[in-house]
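All of the numbers you see were taken from the coordinates with simple rules; none came from a lab. Here the structure is a predicted model, which means the values were calculated and not measured. With ideal geometry, Cβ positions are generated from the backbone for all residues, glycine too; neighbour counts draw on all protein chains shown.
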Amino acid sequence: MRLSEPRIAYLATKITELLKKESQLTLLADATSIESVIKETIVFDLKREDELEQEAIKILNQHKDKLNQEGLDYRTLLTKTKLILAKQKGIIL
């Protein structure tokens, strides 16, 4: 995961503060509960992205020899493969 637990907690706190300041919203839960759900959501999304990247790596590894022969950039192909997989699975990156 690219974000540390303290960073995720910080982001959840900041998002909760912004939601509390929004005059058009009525929060139906306390700040602690809202922060908890936000943290869980961030962690879930990061894990899904990590799983997507692992799947893309697996696909590229199956074609490793061909990629090396053609001199293609691995990072670019990894990014493109992730985007294709995300679109197929309905995941927003």
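For the chain, the relative contact order works out to 27 percent when only alpha carbon pairs closer than 8 Å and six or more residues apart are counted.
The alpha-carbon of K64 sits under 13 angstrom from the alpha-carbons of these aspartates and glutamates, leaving out residues fewer than 8 places away in its chain: D73.
Taking other residues whose beta carbon is less than 10 angstrom from the beta carbon of L11, and scoring Lys, Arg as +1 and Asp, Glu as -1, yields +2. FRET efficiency for the I59 to L28 pair, using the beta carbon distance and R₀ = 35 Å, is estimated at 0.25.
Backbone geometry of the range 40-49 corresponds, through the Karplus equation with coefficients 6.51, -1.76 and 1.60 at θ = phi - 60°, to 3J(HN,Hα) couplings of 4, 5, 4, 4, 4, 5, 5, 5, 4, 5 Hz, x marking Gly and Pro. A simple count of charges around E55, restricted to other residues whose Cβ falls under 14 Å of its Cβ and scoring Lys, Arg +1 and Asp, Glu -1, yields +3. The Cα atoms of the chain give a gyration tensor whose axes a ≥ b ≥ c have a/c of 1.5 or more with a/b greater than b/c, which makes the shape prolate. The modelled label-to-label distance between V37 and I92, using points 7 Å beyond Cα along the C-beta direction, is 1.7 nm. Couplings for the range 78-92, taken from phi via the Karplus curve 6.51 cos²θ - 1.76 cosθ + 1.60 with θ = phi - 60°, read 4, 4, 5, 5, 4, 5, 5, 4, 4, 5, 4, 9, x, 9, 9 Hz in order; Gly and Pro are left as x. Charges were assigned to the Cβ only: +1 to each Lys and Arg, -1 to each Asp and Glu. The resulting dipole of the chain about its Cα centre is roughly 240 debye.
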